[in-house]
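Participant: Okay, handing you the structure first.
The values are calculated or read from the model by the stated rules, or taken from the named source; none is laboratory data. Note that this is a predicted model, so its numbers are computed, not measured. When we count neighbours, we look across all protein chains shown, and the Cβ atoms used for this are built from the backbone with ideal geometry, even at glycine. To get the accessible areas, we keep the full protein, side chains included, count just its heavy atoms, and leave off ligands, DNA and RNA. Shrake-Rupley method; radii C 1.70, N 1.55, O 1.52, S 1.80 Å.
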Amino acid sequence: MKTKLKCFYLVILLTLNATSLFAQEVRPVRDNVGYCWQADKFDIFINWLNENCPDKNYKSENLVAGISPHDDYLYAGKVYYPLYKLIHTKEVVIFGVTHGTVRKEIGDPKNILIIDEFDKWKGPYKDVEISPLRKKIKQQLNPEYYIVSNKAQSLEHSIEGLIPFLQYYNRNVKITPIMVTAMSFERMDSISASLTKIISAYIKENNLQLGKDIFFLFSNDANHYGEDFDNYPYGLNEMAHTIATANDTRIADQTLKGTINTEKIKKLSDELWPEAGVSKECPLWCGRYSVVFGLLTVNKIAKGFGKKISGEVFNYSDTWTGGVLTVKGTMMGITAPYSLKHWVGFFSAGFYLE
């Protein structure tokens, strides 16, 4: 009897182990307040945007990359909207931020990319598949250029915030999530060159077309201004807000519009990145590394296919100017208040093959 009982428990144990081995690990949601993870609620939100956003008819032809906010939808929804309407590719590479709160939890890594190994990511309509490109990157990119950390990707919200919008317009979209850490421009240029070779080979092997089959997103919010961010060089009044937002739009206009080249991308990094031992005012863009890295990579990929890229800024706003959207019935909230002592800018932009 005891032998039979032992065999019974052994079978149960082996079954449980086998189940765990084949179970798929889904990346959990980090922010369930500022973003929307219920399909019916997100449908309500998109319907509201359809009715309340002016149709500026941005073109989708030859659109290959974009800059997206990652702030709360009730703040930045009208800024997300014009970009995502144009994206219908089978897969999207997303370059995300490594926020300060995440860096503290994982030892503040620098000079690397961060990749995950989740089987899928959570989406409002169904779990999101991972592109085979991620495996290629892990196999072929110099190990000195990246780490694999599910913990980092679980703590970071700058990539997940883009998924509901992507999935609304393509239920079967696959993603390659990549977090970018702080590094020098030279280091970034070197890593992006290596990554470009891998992505370009993947595109050719799978007969993909830039902008039609594969797209690139750079997660970014513009200036984080106020006492909570220790960033208020112009003061804490309406004039300070006017100066700081004008600086955001100046930088975007000078570095992200028209034909993109290495010199223009370097100028963007000079505007955004503080230098050790050098006193200069830099707006606190939450995406200052992901945008530069993304542009370097897409610019190189386009060159490899005999193309250039050209940028267009779609929409800029901020939490103080726009306030909270009046949409009802989504169960979403805001993760931080806004005032002249605490506001965040954000914009969307698109990059086209010339």
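The rows are residues; the columns are (1) open to solvent by less than 10 Å² (accessible area, probe 1.4 Å); (2) polar (S, T, N, Q).
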{"residue": "TYR145", "(1), (2)": "no, no"}
{"residue": "VAL148", "(1), (2)": "no, no"}
{"residue": "SER154", "(1), (2)": "no, yes"}
{"residue": "GLY161", "(1), (2)": "yes, no"}
{"residue": "GLN167", "(1), (2)": "yes, yes"}
{"residue": "ASN170", "(1), (2)": "no, yes"}
{"residue": "MET179", "(1), (2)": "yes, no"}
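Participant: Which pairs do you get when a residue that is over 13 Å from HIS241 (Cβ atoms), found in region 311-337, comes within reach of a residue that is open to solvent by less than 70 Å² (accessible area, probe 1.4 Å) and among the acidic types (Asp, Glu), reach meaning Cβ atoms under 6 angstrom, with the pair 6+ apart or on two chains?
Facilitator: Filtered contacts from region 311-337: ILE334/ASP72; THR335/ASP72.
Participant: I'd like to check something: does region 274-281 contain any residue that is in contact (Cβ under 8 Å) with a residue 12 or more places away in the chain, open to solvent by 10 Å² or more (accessible area, probe 1.4 Å) and either under 28 Å from TYR146 (Cα atoms) or among the small types (Gly, Ala, Ser) (or both)? Talk me through it step by step, then tell me what you get.
Facilitator: Looking only at region 274-281, we keep the residues that are in contact (Cβ under 8 Å) with a residue 12 or more places away in the chain, and these are 281.
Pick out the ones that are also open to solvent by 10 Å² or more (accessible area, probe 1.4 Å) and you get 281.
Then drop every residue that is not either under 28 Å from TYR146 (Cα atoms) or among the small types (Gly, Ala, Ser) (or both), which leaves none.
No; the residues of region 274-281 include none that is in contact (Cβ under 8 Å) with a residue 12 or more places away in the chain, open to solvent by 10 Å² or more (accessible area, probe 1.4 Å) and either under 28 Å from TYR146 (Cα atoms) or among the small types (Gly, Ala, Ser) (or both).
Participant: Check LEU236 against each of (1) closer than 29 Å to LEU113 by Cα; (2) not in a helix (DSSP H, G or I) and name the one condition it does not meet.
Facilitator: So the condition that LEU236 fails would be (1).
Participant: Restricting to region 306-326, and then to whatever is surrounded by 20 or more Cβ atoms within 10 Å (Cβ to Cβ) and of a type in the set (Val, Ile, Thr), can you tell me which residue is farthest from ILE67 (Cα to Cα)?
Facilitator: By that ranking, first place goes to THR319.
Participant: Moving on to the next point. Are there any pairs, at least 6 apart or on different chains, whose C-beta atoms fall under 7 Å, with the first in region 146-173 and without any contact (Cβ under 8 Å) to a residue 60 or more places away in the chain and the second of a type in the set (Phe, Trp, Tyr) and open to solvent by 30 Å² or more (accessible area, probe 1.4 Å), and if so, which?
Facilitator: Filtered contacts from region 146-173: GLN167/TYR125; ARG171/TYR125.
Participant: Scan region 123-130 and give yes if some residue there is at negative phi, in contact with a helix residue (DSSP H, G or I) (Cβ under 9 Å, 6 or more places away or on another chain) and assigned to a helix (DSSP H, G or I), otherwise no.
Facilitator: no
Participant: If you don't mind, another one. Open to solvent by 10 Å² or more (accessible area, probe 1.4 Å), on the phi > 0 side of the Ramachandran plot and assigned to a loop (DSSP other than H, G, I, E, B) - does that describe any residue in region 94-109?
Facilitator: Yes, region 94-109 contains a residue that is open to solvent by 10 Å² or more (accessible area, probe 1.4 Å), on the phi > 0 side of the Ramachandran plot and assigned to a loop (DSSP other than H, G, I, E, B).
Participant: Filter region 69-83 for residues that are among the hydrophobic types (A, V, I, L, M, F, W, C) and closer than 12 Å to GLY323 by Cβ and give the result. Full working, then the answer.
Facilitator: Here is the first cut: in region 69-83, the residues among the hydrophobic types (A, V, I, L, M, F, W, C) are 74, 76, 79, 83.
Of everything in region 69-83, those that are among the hydrophobic types (A, V, I, L, M, F, W, C) and closer than 12 Å to GLY323 by Cβ turn out to be LEU74, ALA76.
Participant: Would you pick out the residues in region 312-348 that are closer than 13 Å to GLY34 by Cβ and in a strand (DSSP E or B)? Steps first, answer last, please.
Facilitator: Quick first cut of region 312-348, residues closer than 13 Å to GLY34 by Cβ only: 319, 324-325, 330-338, 344, 346.
Within region 312-348, VAL344, PHE346 qualify.
Participant: Another question, then. Within region 282-305, how many residues are touching a residue at least 40 places away in the same chain (Cβ under 8 Å) and open to solvent by less than 20 Å² (accessible area, probe 1.4 Å)?
Facilitator: Initial filter on region 282-305 (touching a residue at least 40 places away in the same chain (Cβ under 8 Å)): 283-298, 300-302, 304-305.
If we keep only those that are open to solvent by less than 20 Å² (accessible area, probe 1.4 Å) too, we end up with 283, 285, 287, 290-298, 301-302.
Within region 282-305, residues that are touching a residue at least 40 places away in the same chain (Cβ under 8 Å) and open to solvent by less than 20 Å² (accessible area, probe 1.4 Å) number 14.
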